[in-house]
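All remarks here apply to the structure that follows.
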Amino acid sequence: MGAHPPQAAERVAGRGQDRLVPGGGGQRLAASAKRGAHTGRNPTDRGKKGSKHHLLTDAQGLPLAVTLTAANRHDVTQLLPLVDQIPPIAGKPGRPRHRPERVQGDRAYDSQPHRRELRHRGIAAVLARRGAEHGSGLGTTRWVVERTLSWLHQFRRLRTRWERRADIHQAFLTLACILICCDFAVRLL
């Protein structure tokens, strides 16, 4: 180093934002960048910040649509975006299906405006009603979605969110769904 390093640093700092400045200790992150987008206080885990995976499957548990939100977002906000994400499904002769015949969900998805919108789209809503006694019969088919969620969370990158960027975590979530679909295809052979 020369005799006047602070003056050299000041000259460099005056050239632009991407230059070194004297006295800055370490990397600084904005408050929102510490945990990344799509994180929020989890009401079921002592208020720790986290993310939530929303999943829509077919009757066998094959993932059709998946999305990532903050842990404090309510499930009903993702019902229609998940239905909109369903890709065209081929199989039977004719045009591929763009929407399911019916959608099943637990009490978290119970909402009159969402029921109306699903009915408007020609989809029957089989959603458990809030305030009704348990044992509505949805538990006999709900395990399919829970099983697929457990398959997703067998991937360590999805069980605990380590990525700050939501798009990277969403990419890992999509990749896990692709691997589950490939596993289904191998089992069918």
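Taken together, the values in this text are just the output of simple stated rules run on the coordinates, not laboratory data. All of these numbers come straight from a predicted model, not from anything done at the bench. All Cβ positions, even for glycine, are placed from backbone atoms using ideal geometry, and neighbour counts span all protein chains on display.
If you take every residue apart from Pro87 with its C-beta less than 14 Å away from the C-beta of Pro87, what net charge results, scoring Lys and Arg +1 and Asp and Glu -1? Before the final figure, lay out each step's value.
Working: positive: Arg95, Arg97, Arg99; negative: Asp58, Asp84.
Combined, the nearby Lys, Arg, Asp and Glu give +1.
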* **Eligible aspartates and glutamates near Lys52 by straight Cα distance, threshold 19 Å, same-chain separation 8 or greater** => Asp75, Asp84, Asp106, Asp110, Glu146, Glu163, Asp167
